[in-house]
C-alpha cells in the first residue's frame, strides 16, 4: 500500500519513490525503464508513488546510461499530403505511451540517396526508423541497412520490395477489387484507372490489382485508359484533360488516391462531363475532405491511425528483440459508398 508522502522542500529522489511504494530502488528503475518485466501491481504502486512525490525522470542521464535516445525517426515522403497525418498521430500516441518521442522528416519529391538516409539516421539520434516512403530502391535500402545494422527499421503504408523489414500496410489489392466490384454491380463494364507515380510501390500494386480484377469479371480496360500521374490534385486535372479528348472512353474511373480523384472530378466537370451521371469516379484512402467534396467521394477507407499504432508496436518489438523481421501486417479496408459513383450511363 502506498503511504502518504511527507512534504519536503528538496527535489524528490528515486529513493523517496521506493520508500513510498515499499519496493527497492532497483524495482523503481525497472518500472521506469523496462516496465514489461515488472508485475502490474508493482507498476501501479511505483507509478502512484511517482505521482505522489512529484518525482521527475532525468531523461538525459537515463538515455546516456542505457545508450538509448528513446526517440523514433519517421521518414515521410510529403508532409503537405493530408493522408499521412493520421498515421503520424497513431505513431505518436503509441510511442508516447511507451515513453518514446517521435521525430519526423520530409523526404521530399525525389528519393533519398543512401548517404542522405545515413545522415538522417545519425542526425536524428534515433533508436529506430519508420519509413512511409516506398520510392526508395531496393539496392539503396540494402546499403542503408548495411551501414546501420543496429538501427531497427519498419515500413508503414508504403514499402520497398525484397527488403527484410517488418511492414504495416493496408489491403491494397482487396481495396481495389472492392471498388471494381462496386462499379460492376452498378452496371459498369468499361473501366479506366489513374495511377500514382510509377516509382511508387502503391501505384504499381493498385494498377495491377485493377487490371486483374477487371479481367476476372470480364470487363474492358485498355492501355490508353490507364493514365500515369502522381498522388496529387494536379495529376487528376491532367487526366481529365486527356479523358475529355477521348472519343471512346470508360464509364468508370478508379483513382490511386483521393487527391487524384478530386482533381479528376474538377477537371471533368469543367469539361462538361458530369460525375456521376456521365462517368463514375472513385478514390482510395478516405482522407478528411472526401465527405464534404462535391460530389462526396466514393473511396476505400484505410485504417491510418491503426496503421501508425501497429508500426509503433512493431518498431518497439524490434528494439526489444521480439519482432520477426519478415513480418507483414496487412490491415483490412472497407468501401465508403458516396455520391461520386452511380449506375452506368445507358
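The numbers here are math on the coordinates, done by the rules we state, and not lab data. Please read these numbers as outputs of a predicted model, since none were measured by experiment. Cβ placement follows ideal geometry from the backbone for every residue including glycine, while neighbour counts extend to all protein chains displayed.
With a ≥ b ≥ c the root eigenvalues of the C-alpha gyration tensor of the range 123-162, is it rounded (a/c under 1.5), prolate (a/b larger than b/c) or oblate? In terms of gyration-tensor shape, oblate. Taking 0.36 nm per residue of sequence separation and removing the Cα-Cα distance, the residue 242/residue 143 pair yields an extension gain of 31.6 nm.
Note on residue 44 and residue 212: their simple-model spin labels are 4.9 nm apart, each label 7 Å out from Cα toward Cβ.
For the range 241-274, the residues whose amide N sits under 18 Å from a probe point set 7 Å from the Cα of residue 346 along the beta carbon direction are 251.
Taking the C-alpha atoms only, the angle from helix 201-217 to the longest principal axis of the chain is near 50 degrees. Between 0 and 90 degrees, the angle of helix 304-319 with respect to the longest Cα principal axis of the chain falls at about 40 degrees.
Over the chain, Cα pairs under 8 Å with separation of 6+ residues give a relative contact order of 17 percent. Shape of the range 172-303 from its Cα gyration tensor (a ≥ b ≥ c, root eigenvalues): rounded if a/c is under 1.5, otherwise prolate when a/b > b/c, or oblate? Judged from the Cα gyration tensor, the range 172-303 comes out rounded (a/c under 1.5). If both residues of a DSSP beta bridge must be in the chain, then about 10% of such bridges are antiparallel. Full extension of the chain segment joining residue 51 with residue 181 gains 41.3 nm, where the gain is 0.36 nm per residue of separation less the Cα-Cα distance.
Sorting 121, 300 from the fewest to the most surrounding beta carbons within 10 angstrom yields 121, 300.
The long axis of helix 114-124 is offset from the longest Cα principal axis of the chain by roughly 40 degrees. For residue 277 and residue 162, a Förster radius of 51 Å and the Cβ-Cβ distance give a FRET efficiency of 0.70, rounded to the nearest 0.05.
With the helix formula -39500 (n - 2.57) applied to DSSP H stretches of n ≥ 4, the chain reaches a computed 222 nm mean residue ellipticity of -13500 deg cm²/dmol. Taking 7 Å steps out from each Cα toward its Cβ at residue 106 and residue 80 produces label points 0.7 nm apart. Estimated from the Cβ-Cβ distance and a Förster radius of 35 angstrom, the FRET efficiency linking residue 198 and residue 317 is about 0.55.
Here the simple spin-label model places points 7 Å from the Cα toward Cβ, and for residue 71 and residue 269 these points are separated by 4.4 nm. Answer rounded, prolate or oblate for the range 206-255, using the Cα gyration tensor with square roots of eigenvalues a ≥ b ≥ c: rounded when a/c is under 1.5, else prolate when a/b is larger than b/c, else oblate. It comes out oblate by the Cα gyration axes.
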